[in-house]
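Beneath this line is the structure, given in structure tokens, with notes to follow.
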Amino acid sequence: MADDGTESEACGRLLAALSLLREIANLEEELEKDSRYVKLRELRRVRALYGARGRRQNLTRRRRGETSPGRQAAIDAARQMLGGLKEPIKTAAIYERVKSLGIEIGGGDPRNHLSAMLSNHPDFMSHGRAGWTLREAAVDG
């Protein structure tokens, strides 16, 4: 089988992306210990509550059979983050990314809520404590 380098280049890019995600997750974990970072995160969360029109957005409620814009935004952000990666990414890292985009996930434990959303969506595959990947069909098309 001839390898023109494109497969190894793609593998290298995936490994680099995974390395970056892990570094981001480690840095965010370290920053969580700094009260200034926690305040900044909360200020961004509160700002996101007002949305573009100055109204509070409830992003987790939906009508029967419909996906709310907020839920869809969270799913889309998770799909984008996991796209092209073969290694699972932990729920906490996905949640931090979703939150950094200003997407609010309600509930008593938003991480668990996100995990339930991913679990109930056909594009995502759970790997237990290791995290999440996209299913083959979601990656292919």
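Which whole-Hz couplings ³J(HN,Hα) result when phi for each residue of segment 92-108 is put into the Karplus expression 6.51 cos²θ - 1.76 cosθ + 1.60, θ = phi - 60°, listed in order with x for Gly and Pro?
The phi angles translate into 4, 5, 5, 4, 4, 5, 4, 5, 5, 8, x, 8, 8, 10, x, x, x Hz.
Output wanted: per-residue J couplings in Hz (rounded whole) for segment 11-18, from phi through Karplus 6.51 cos²θ - 1.76 cosθ + 1.60, θ = phi - 60°, x for Gly and Pro.
Coupling constants for segment 11-18: 4, x, 5, 5, 5, 5, 5, 5 Hz.
Starting from the amide H of LYS90, placed 1.01 Å from N in the peptide plane, find each other amide H under 5 Å away whose residue is 5 or more places distant or on another chain.
TRP132
Mind checking which lysines have their C-alpha under 21 Å from LYS33, skipping anything on the same chain fewer than 8 residues away?
Result set, ordered by chain and number: LYS90, LYS99.
Could the peptides 83-93, 118-128 be put in order, highest first, of the mean number of other beta-carbon atoms found within 10 Å of their residues?
83-93, 118-128
For a protection proxy built on the mean count of beta-carbon atoms within 10 angstrom, sort 18-25, 101-108, 33-40 highest first, please.
Top to bottom by mean Cβ count within 10 Å: 101-108, 18-25, 33-40.
Counting Lys and Arg as +1 and Asp and Glu as -1, what is the net charge of the other residues whose Cβ lies under 13 Å from the Cβ of ASN26?
Spelling it out: positives minus negatives among the neighbours equals -3.
Enumerate the amide H contacts of PHE124 below 5 Å, restricted to partners 5 or more residues apart or on another chain; note that Pro and chain-start residues carry no placed amide H.
For PHE124, whose amide H was placed from the backbone, the distant partners under 5 Å are ARG135.
Every number in this text was worked out from the coordinates using simple rules, so none of it is lab data. Nothing here was measured: the structure is a model prediction, and the numbers come from that model. Heads up, the Cβs are rebuilt from the backbone with ideal geometry, glycines too, and the neighbour counts pull from every protein chain shown.
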